[in-house]
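Below is one structure, written out as structure tokens, with a few remarks after it.
The values are calculated or read from the model by the stated rules, or taken from the named source; none is laboratory data. What you are looking at is a predicted structure, and each value in this text was computed from that prediction instead of being measured. Glycine gets a Cβ as well: all are built from the backbone with ideal geometry, and neighbour counts include every protein chain shown.
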Amino acid sequence: MNPIKTCALARIGLLGNPSDGYFGKTISCAITNFSATVTLEEGEGISIIPHPNSDPFSFESLADLRETAIRQGYEGGYRLIYATCKKFADYCAKNEIALPPKGFTIRYDTTIPRQVGLAGSSAIITALTKGLRTLFGITESQFPLEIQPSFVLSVEEEELDIRAGLQDRVIQTYGGVVYMDFDRELLLQRGYGRYVQLDARSVPPLFLAYINKPKDSGKAHSDVRARWSRGDEDVILAMREFADFAEQGREALAQRDWTKLGDLMNRNFDLRLRLFGEKVIGDQNLEMVEIARSLGAPAKFPGSGGAVIGIWKDGDHFERLREAFVSHGYAFTNVQVENGPQYPV
């Protein structure tokens, strides 16, 4: 049998809640700029091959170890692979799906930048889930599409104690551009929200800028989640406003009203800044947004921080944005939305 190769794309959040854990609404896009790829090859027993960069176990020097830790963090993809296989076996046992006694070797690779909110971890889990389903011939009736994001989330939360939400896992499962409504009653009743595929051709030209060497240390702690749990009225009203941005953004995309979409993106970030505060947002994140806005480009976070997305108007505008971000030490690229138009620069 030929090796099975599956992938999941990086994602950007276009509008909506800063986290889908607040029973809100959001619009996300899968982008082809970066991806995680998993290869399964049948063989004797089960082997997980560590990634040479993401799962290093040897270093040339202490300085090399330090730089690797700064760039990659302390937790690579190996544990994600291990936990996904275990959870997949759990799912099949629970649903009485008989699995043939197949052995296989797992290799993975990823080009998704770490720690900048582009959903790198969930991409590895999603890609492997697709591969395992293919390897064992699991049908969609046995493993419905709508519950696959919840499965990916369960790997992270239940096996690895990673606090996360459904948004990243939904867009990486469905692809393209998706409007998501995480209605509380729907989630409680069936374990997933309402997911609507949007026309990716309606997305405007987008750029992505991100921090080359993000660091977790020194990041101020946010109390927004605790305030939400206590029923803080300001937080509840803010989350409703975020959800309204997603609703309005859906209409703006349908009408290709990119001016309105850009205004909503700016308002989305401004509300986040008011809610979380400058210390939590961080100096580099604030600087990236300011660079974009100083050149007339609306901008917001595509995820939890470490990167910004914005709308560019034409080739000259794109080049001025690129030069400004690169001169400040940030990475910069033209976003390619899956199934979306290709905007030349």
### Query
Failed condition for Glu158, given (1) closer than 30 Å to Asn285 by Cβ; (2) over 13 Å from the mean Cα position of the chain (by Cα), with all others met?
(1)
### Task
Could you please find all residues in the stretch 286-299 being in contact with a strand residue (DSSP E or B) (Cβ under 8 Å, 6 or more places away or on another chain) and either outside any loop (DSSP other than H, G, I, E, B) or surrounded by fewer than 17 Cβ atoms within 10 Å (Cβ to Cβ) (or both)?
Met288, Val289, Ile291, Ala292, Arg293, Ala299
### Task
Can you run down the residue pairs with Cβ atoms below 9 Å, 6 or more apart or on separate chains, where the first is in the stretch 1-18 and in contact (Cβ under 8 Å) with a residue 60 or more places away in the chain and the partner is in a strand (DSSP E or B) and of a type in the set (Phe, Trp, Tyr)?
Ile4/Phe104; Leu9/Phe34; Ala10/Phe34; Gly16/Tyr179
### Query
Counting only residues that are exposed (fewer than 15 other Cβ atoms within 10 Å of the Cβ) and out of contact with any strand residue (DSSP E or B) (no Cβ under 6 Å at 6 or more places or on another chain), which one in the stretch 47-62 is modelled with the lowest pLDDT?
Asn53
## Note on the structure
Restricted to the stretch 148-192 and to residues being modelled with pLDDT of 95 or more and β-branched (Val, Ile, Thr), the residue surrounded by the most Cβ atoms within 10 Å (Cβ to Cβ) is Ile171
### Task
List every residue pair whose Cβ atoms sit under 9 Å apart, with the two residues 6 or more apart in sequence or on different chains, where the first one lies in the stretch 125-149 and is part of a loop (DSSP other than H, G, I, E, B) and the second, anywhere, is at pLDDT below 95 and among the aliphatic types (A, V, I, L, M).
Phe136/Leu99; Ile138/Leu99
### Query
Can you spot a residue in the stretch 188-205 that is closer than 23 Å to Leu271 by Cα, in a strand (DSSP E or B), touching a residue at least 12 places away in the same chain (Cβ under 8 Å) and in contact with a strand residue (DSSP E or B) (Cβ under 6 Å, 6 or more places away or on another chain)?
no
### Query
When you go through (1) more than 26 Å from Arg71 (Cα to Cα); (2) modelled with pLDDT under 90; (3) β-branched (Val, Ile, Thr) one by one for Val203, which number turns out not to apply?
(2)
### Message
Restricting to the stretch 251-285, count the residues that are assigned to a helix (DSSP H, G or I), of a type in the set (D, E, K, R) and either surrounded by 18 or more Cβ atoms within 10 Å (Cβ to Cβ) or in contact (Cβ under 8 Å) with a residue 40 or more places away in the chain (or both).
### Response
3
### Query
Which numbered condition trips up Ala8, out of (1) exposed (fewer than 14 other Cβ atoms within 10 Å of the Cβ); (2) of a type outside the set (Asp, Glu); (3) within 24 Å of Glu157 (Cβ to Cβ)?
(1)
### Query
Are there any pairs with C-beta distances below 9 angstrom linking a residue in the stretch 94-120 that is under 17 Å from Phe143 (Cα atoms) to a residue that is basic (Lys, Arg), with the two at least 6 apart or on different chains, and if so which?
none
### Query
Scanning the stretch 21-39 for residues that are surrounded by fewer than 24 Cβ atoms within 10 Å (Cβ to Cβ) and not aromatic (Phe, Trp, Tyr), which turns out modelled with the lowest pLDDT?
Gly21
### Query
Given Pro302, Pro344, which one is without any contact (Cβ under 8 Å) to a residue 40 or more places away in the chain, in contact with a Gly (Cβ under 8 Å, 6 or more places away or on another chain) and assigned to a loop (DSSP other than H, G, I, E, B)?
Pro344
### Query
If you go through the stretch 317-327 one residue at a time, do you hit one that is surrounded by fewer than 23 Cβ atoms within 10 Å (Cβ to Cβ), of a type in the set (Gly, Ala, Ser) and over 26 Å from Gly277 (Cα atoms)?
yes
